[in-house]
Each structure stands twice: as C-alpha cells, then as structure tokens.
Amino acid sequence: MKTNFRSLRIRLFLMYVLFALASMICLGCFSYWYLNQALASSRQQTMLAREKRVVEYVNSWPEKDASLTMAEKLRQLSVGIASTDIIQVYELDGTPIYSTPGNSAFKLPWPNRSCNERCYGLTQRDGHAIRTLNHVVEMDGHKVRLSLSGNIDEHFQILQAVRNSYLMFCPLLLLASLAGGYILSNRALEPVSRMTTEASRIGIQDLKRRLPVPNTGDELEVLALSWNELLSRLETAVARLTRFTGDLSHDLSTTITIMLTTAGLALSKRRSADEYRSALSKISVECEATSRLLEDLLAVARADIVHQKIEFKPVDFADLVREVCQQFDARARVKKQNLSCDIDAETWISGDVSLLRRMFAILLDNAIKYARESGAIRVSLAKSGGAIILKVTDSGIGIAAEALPKIFDRFYRVDESRNQDEGSSGLGLSIVKWVVEAHQFSIDVHSVPGQGSVFTVSMPLTKDVLGDDHRYAIASAR
Ligand code: ADP
C-alpha cells in the first residue's frame, strides 16, 4: 500500500518523533553544558580557597619565624598539597620567586591583563587540561604575582562518561519515542478512522445511520455529535422533501386527471353552452391552483440562487396592500369571511414590488385558508416609531406552540391531512421568510390554537425613499 505522507496519522507520528528527538538533543546539550559549568565553578571555588590559604600562610609567618624567605615558607606549604596542584610566585616584572618542586620549567602564561582582580583560565600541559588562577596579591609586605594551577583531567573524564552514557541511552530513547509516536497517533486517530468508515457507508437511503460517538469528552466527541445532529437535520429535510414530492406528484396527477376527465366528458357529445361553461370553469379552477403551486416552486427555486439580485425601488406599500386585499375579497366572501383592511394613507418603503406583493398575498391567503367559515380576517398597516407595521390577523384554527418554530421551514405543514383541498404545499411561509430576510425586515407570529393567529411584519422606514422630484410627481398626479 502506498504511504500517504500527508495523512494526519503519519504527520502526527513524525511530529512526535521529531519533537522527542529535538527534546533529547536539547536536554543532552544542556545537561552537558550545565555539568561543565558546575565543575568549573566548583574548581574556581577550590582555587579561591587555596589562594586565601597561601596568602594567609605566608603573611602570618613572621609571628613564628621572621627569618624565613617567602620561597622557603611556600616550600613548606607545598609539602601538604596534592602533586597535581602547582603554586608559582613571581615578581611583578616576571622574575620567578617560587615554583612547586618539579615545575620550575613550567611557566604559567600570564594573561595580557594586570590581574589585580582574579584571572581564571584554562590551558594545556603535556596533553593535560589545567585550570589556572592568576592574581596580584600582597605577600610579605610587597606585591607579587601568584599563579595557581591544577590538573582537571578528572572533570573531563566525568563529562566524557556522562556523554558516553547519554549516547548509549539515546538510541533506546529514540526507539521508545518511535513506538510511543506510533501508538499515540494510532490511538488518537482510531475514532476518526471508525467515523470515516461509518460515514462512507451513509447514503441518501441510509440517513438513519449515525456516526459512532467516541466517549472521550474531547473535540472528536463534539465533532461526532455535531455530524450526527447534521444527519438528523438532513434526514428530516430529505423525508419532508420526499413526502412533498410524493404529494406534489399526486396533486398534479389528480389535477390533470380532473381536467382530462372534465374535458373528455364535455367533448363526448354535444352539450349546452351552460354545460360547456361549467366544464371550462372547473378546468380553470384546477389550472389556477396548479399555476399557484408552480409559482411557489419557482419562487423557492429563485430564493435558492444565492446571489440573486433584488431590485430595490420606492414602493407605495399601502397601495399594494389595498390592491391585494381587493383581489382576495371575493375568495373571503366565498367562505363567508369578513375581510377588513385598515391602511394608513401613504406608506412608502424601498423594496422589490413583486416580492412584496407575493409576501403579503401568501400571508393573506393563509389567513383565509386557515380561518373558519364566517370567520374574520383583519389587515392593518400603520407607522409606529421608525417602522411600518403590517399585521394579518385571523380568527382561525391557530398553530400549536411546538409547531411555531417550524412553520417557516420549507415543505413544513402543521397537519398534513388538513387543507389538502386548498392547495397546501408547505412552501408559502418559507417564501415569506426569504422575502423578509432579503429586505432586512422582521416577522413575528403570535398564535393561540383554536382562536387564531397574528402575523406581524416590521419594515424599517427608510428616511428618504423618494427623491423630492418623485414626491412632487406623485403629488401632482393626485
Ligand atoms: P401551506 O402551503 O401549507 O399553507 P405555509 O408555508 O404557508 O404552507 O404554511 C406552513 C404551515 O403553517 C401550514 O401548513 C399551516 O399548518 C401553518 N399556518 C400558516 N399560516 C397559518 C394561519 N394563518 N393559521 C393557522 N396555521 C397556519
């Protein structure tokens, strides 16, 4: 199988190993440096103590025996110190005064500084590392150069031992981090693999299936839960769409059957003018219902075009409402309903006139459709604060509280069995919602089951919808 180096598993694994390697190298270097510093500092402390001892030893001598020279005093002191430690004393001009026996040939290089403050250094002698301290001190009443030096081979041996043991341990650590990285990346991504396998099995027919939710309490659990919620929403939407398509096909085929049968029956023999008129009006009613349904479908399809351009123009909304009210009056009278329209004289807003007409027509159509026979429907349009408020109130069947949040969803119908005869498609309010959002209006529903519903659309009053010329033209036309 071809290895995919961009896979998250391999990337995680490589990152883990790289991180472990980098940490190991950094830790090794730091430990080595730190140990080196600690050893050097401890050596400096020792040399400092020795310098004090030498100076005190020489300077406190006169009380015992004032006749001894500085060199003799130092010789006596040297008897008690380790053979690897060298004491050398010179005059300020470099003339030797004393050197630990056996080391007079070795002259510690004096730094290019006065060394009134202590000068620490590191040098080599016969392949051995030597740590040095040069300092101008006062001994026996005059200033001299004191050079202390000592072999520090054992420090390097310690450092080497530490480095060797680290290098031996490193491959083991590397192996451990490889294994750790492999196990970790596998374990971290195992739920993702399971979710991917399960997700690849989910098709449009299998929307009941859900992704396995890992009980880890981390982001993966949240991801799986979110995907499952998405699947639930998809399942509901697809079920609604399937039901709608079924209903739509059924409605259309019933309508066409009715039209064909009516036409066939009318044409089967010679008939009177009244009979033909009755057949044609039956066909016309069916055509009207079908055309309304097709218009709704077209509007929904139009709303789906994401960057649909809406033509905003000044609209006399009061005029529009008045006109639609008149159109629907006949329908309301058929159901013996009382339709009253209470409209402010002139209400201009900016919008797309055909969409605004459709929005109001749907609200009014629903009010008539869902109001009882002999019920009342009231339309009011008034200015309130900075907005125009359109209210469509009916004394109809109302909407249950649990259905209210869903009525603006596409294809949603509260009770699918009701109002089949009146061409219910579950599309109307979704179109209303789209128009409201496209115009940046807001819509609100208040409904009491059994008593009726109030749909309120609030439209912000744009300050100068009309230019002065336009206003003048309207005024003179009146
Ligand atoms: P429909 O074509 O079914 O009327 P809508 O999207 O216009 O589709 O409405 C969705 C559902 O909301 C309807 O099926 C109906 O149950 C409910 N509804 C809408 N308006 C009213 C109303 N004025 N009174 C009672 N129920 C309503």
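Modelled label positions at Ser41 and Ser232, each set 7 Å beyond Cα in the direction of Cβ, lie 6.2 nm from each other.
Taking 16 Å as the cut-off, the amide N atoms of the range 357-384 that come nearer than this to a point 7 Å along the Cα-to-beta-carbon line of Asp342 belong to 376-384. Please work out the C-alpha center-to-center distance from the range 299-378 to the range 230-281 and express it in whole Å. First find each Cα centre; the distance between them is then 26 Å. Extension gain for Phe106 to Ala273 (0.36 nm times residue separation, less C-alpha to C-alpha distance): 45.9 nm. The equivalent ellipsoid of the range 340-400 has semi-axes of 23, 14, 10 Å, largest first, where each one is the square root of 5 times an eigenvalue of the Cα gyration tensor. Across the range 334-345, coupling constants 3J(HN,Hα) worked out from phi with the 6.51/-1.76/1.60 Karplus curve, θ = phi - 60°, read 4, 8, 6, 9, 9, 9, 10, 10, 10, 10, 5, 3 Hz, and Gly and Pro carry x. The mean sequence separation of alpha-carbon pairs under 8 Å and at least six residues apart, normalised by the residue count of the chain, gives a relative contact order of 9 percent. Computed from the C-beta positions of Gln451 and Thr254 and an R0 of 30 Å, the FRET efficiency is 0.35 to the nearest 0.05. Phi-derived couplings, Karplus 6.51 cos²θ - 1.76 cosθ + 1.60 at θ = phi - 60°, listed residue by residue for the range 159-176: 4, 5, 4, 5, 5, 5, 5, 5, 5, 6, 7, 4, x, 5, 4, 5, 4, 4 Hz, with x used for Gly and Pro.
For the set Lys313/Lys335; Lys282/Lys391; Lys335/Lys391, the pairs lying more than 32 angstrom apart at their alpha carbons are Lys313/Lys335; Lys282/Lys391.
The string of couplings for the range 348-358 from the Karplus curve (6.51, -1.76, 1.60, θ = phi - 60°) is 8, 9, 9, x, 9, 4, 6, 5, 5, 5, 4 Hz, one whole number per residue in order, with x for Gly and Pro. Cross-link pairs exceeding 24 Å between alpha carbons, from the set Lys208/Lys433; Lys336/Lys433; Lys107/Lys143: Lys208/Lys433; Lys336/Lys433. Think of the range 190-313 as having a plus end and a minus end, set by charges on the Cβ of Lys, Arg, Asp and Glu; of Thr254, Thr197, Val213, Thr254 sits farthest toward the positive end of this dipole. A Förster radius of 51 Å, combined with the Cβ-Cβ distance separating Ser7 from Asp409, puts the computed FRET efficiency at roughly 0.80. Computed over the range 313-477, the P(r) tail beyond 21 angstrom holds 47 percent of alpha carbon pairs. Just add up the charged neighbours of Ser458: K/R +1, D/E -1, any other residue whose Cβ is under 12 Å from the Cβ of Ser458. Residues close to Ser458 contribute a combined charge of +1. Semi-axes of the equivalent ellipsoid of the chain are 105, 32, 18 Å, computed as sqrt(5λ) over the eigenvalues of the C-alpha gyration tensor in descending order. For the range 284-370, the list of trypsin sites (Lys or Arg not before Pro) that fall in a loop by DSSP and count at most 12 other C-beta atoms within 10 angstrom reads Lys309, Lys336. The charge dipole of the chain, taken about its Cα centre with unit charges on the Cβ of Lys, Arg, Asp and Glu (plus for the first two, minus for the last two), comes to roughly 920 debye.
The calculated 222 nm mean residue ellipticity attributable to helices in the chain amounts to -18500 deg cm²/dmol, summing -39500 (n - 2.57) over DSSP H runs of n ≥ 4 and dividing by all residues.
Coordinate-derived values only; no laboratory data. It should be emphasised that the depicted structure is a prediction, and the values quoted were computed from it without experimental measurement. With ideal geometry, Cβ positions are generated from the backbone for all residues, glycine too; neighbour counts draw on all protein chains shown.
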